[in-house]
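Written out below as structure tokens is the structure these notes cover.
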């Protein structure tokens, strides 16, 4: 078993995955740490930009397991980030309860 197989890395012929994966991981971690819906949504919007770059890869090869894995992970991350952004929007539109309405 070679080193790549042990670590489960994706071998990207264009190098795009390696360049963006660290940024995607940072944004995901920041999104998870954010304390507010707005903070999470901001990180998720930035994450969408990076993930879309992976999904728009000009060297995508349907016959490559590495490319299919990269695209699969990117699609899942995109769906998650899109849900977080939408959640942030819904949170912003939610009516704020006043102190009086909370007591009733």
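Here are a few things to note about the model shown:
- Condition check for residue 86: surrounded by 11 or more Cβ atoms within 10 Å (Cβ to Cβ), touching a helix residue (DSSP H, G or I) at 6+ places or on another chain (Cβ under 7 Å), in a helix (DSSP H, G or I) and without any contact (Cβ under 8 Å) to a residue 40 or more places away in the chain: no
- Residues that are surrounded by fewer than 16 Cβ atoms within 10 Å (Cβ to Cβ) and either under 16 Å from residue 21 (Cα atoms) or in contact with a strand residue (DSSP E or B) (Cβ under 9 Å, 6 or more places away or on another chain) (or both), drawn from region 54-65: 55, 56
- Of the residues examined, residue 39 is not one that is farther than 23 Å from residue 22 by Cβ and surrounded by 13 or more Cβ atoms within 10 Å (Cβ to Cβ).
- Test result for residue 20, at pLDDT 90 or above and either at positive phi or surrounded by 15 or more Cβ atoms within 10 Å (Cβ to Cβ) (or both): yes
The values are calculated or read from the model by the stated rules, or taken from the named source; none is laboratory data. All values reported here derive from a predicted model rather than from experimental measurement. Don't worry about glycine lacking a Cβ; one is built from the backbone with ideal geometry, like all the others, and counts go over all protein chains shown.
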